[in-house]
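Working notes, beginning with the structure itself.
Bear in mind these aren't lab numbers, they're just calculated from the coordinates by the rules spelled out. All values derive from a computational prediction rather than experimental measurement. All Cβ positions, even for glycine, are placed from backbone atoms using ideal geometry, and neighbour counts span all protein chains on display.
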Amino acid sequence: MCLAVPGRVLEITERDGTRMASVDFGGVKKDVCLEYLPDLRVGEYAIVHVGFALQRLDEESARRTLTLFEELGMLQEEFGDPWEQASEARQ
């Protein structure tokens with residue numbers, strides 16, 4: 001399953017002419033493209049899907065959603081160790 005997950009922007013950079021951010025998803029950090037939200041700032045939250053920040057989100061909503069996803073095991077499913085997932089798929 002591929003979810004749209006809220007994350008907090010930690011750092012913003014430019015990579016090959018593209019605005020990018022390091023985003024924290026409840027302890028998991030990933031690089032995200034900010035081209036759809038060019039005015040997003042460090043410390044703000046956004047809904048991210050397949051590596052693109054799609055919509056700004058308030059902190060309370062983001063934290064509630066991350067907590068719910070974690071309780072349901074969906075963060076591990078979405079961001080778990082790919083090597084572990086591959087070995088489980090082989091069994």
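Tabulated data for the structure shown
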{"read-out": "Sorted by Cβ density within 10 Å, fewest first, the residues Arg63, Arg8", "value": "Arg63, Arg8"}
{"read-out": "Phi to ³J(HN,Hα) by Karplus 6.51 cos²θ - 1.76 cosθ + 1.60 over segment 53-65, Hz, x for Gly, Pro", "value": "6, 10, 8, 5, 9, 6, 4, 4, 5, 4, 5, 4, 5"}
{"read-out": "Ranked Ile12, Ile47, criterion: other C-beta atoms within 10 Å, fewest first", "value": "Ile12, Ile47"}
{"read-out": "Amide H contacts of Leu57 (H built 1.01 Å from N, under 5 Å, at least 5 apart or other chain)", "value": "Tyr45, Ala46, Ile47"}
{"read-out": "Cleavage-rule hits, GluC sites (Glu not before Pro), segment 1-51, DSSP coil, Cβ neighbours within 10 Å at most 15", "value": "Glu35"}
{"read-out": "Cα-Cα pairs of segment 1-56 separated by more than 14 Å (percent)", "value": "42 percent"}
